[in-house]
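First up is the structure itself, then whatever we jot down about it.
The values are calculated or read from the model by the stated rules, or taken from the named source; none is laboratory data. Everything quoted here is computed from the prediction, not taken from an experiment. Cβ placement follows ideal geometry from the backbone for every residue including glycine, while neighbour counts extend to all protein chains displayed.
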């Protein structure tokens, strides 16, 4: 859903399972927008999706409201927020990685990737995030 909204606006995107519970969706921007503009854009996408799919999508972070639904945390786009960077390890007994994935890889379901698997993925296919980084 988010991917489709971004694509309509000509924005390529890459899903990055966070290494914890969720997925961050990174979009390739040209640098002309400030943080407030990007935040407002993210909120508008979240609001549209929550309106179209009220049984599936919420924008309210309160756990009691979002139970059984997908939270689109549009506020993560604010300049003051911190987000785990791609390929960061999570400090756990079995470390997982914020590993950029392809959209096709996510069709099988959300899977957090351990560090050894992230390294294997990089050996068998290019990093999906690289395409966003190389845009001029």
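General observations
- Scanning region 96-117 for residues that are touching a residue at least 40 places away in the same chain (Cβ under 8 Å) and over 13 Å from residue 128 (Cβ atoms) returns 96, 97, 110, 111, 112.
- The residue that is farthest from residue 28 (Cα to Cα), among those in region 91-115 that are exposed (fewer than 10 other Cβ atoms within 10 Å of the Cβ) and out of contact with any strand residue (DSSP E or B) (no Cβ under 7 Å at 6 or more places or on another chain), is 93.
- Extreme residue, nearest to residue 31 (Cα to Cα), among residues of region 116-136 that are in a loop (DSSP other than H, G, I, E, B) and at pLDDT 90 or above: 127
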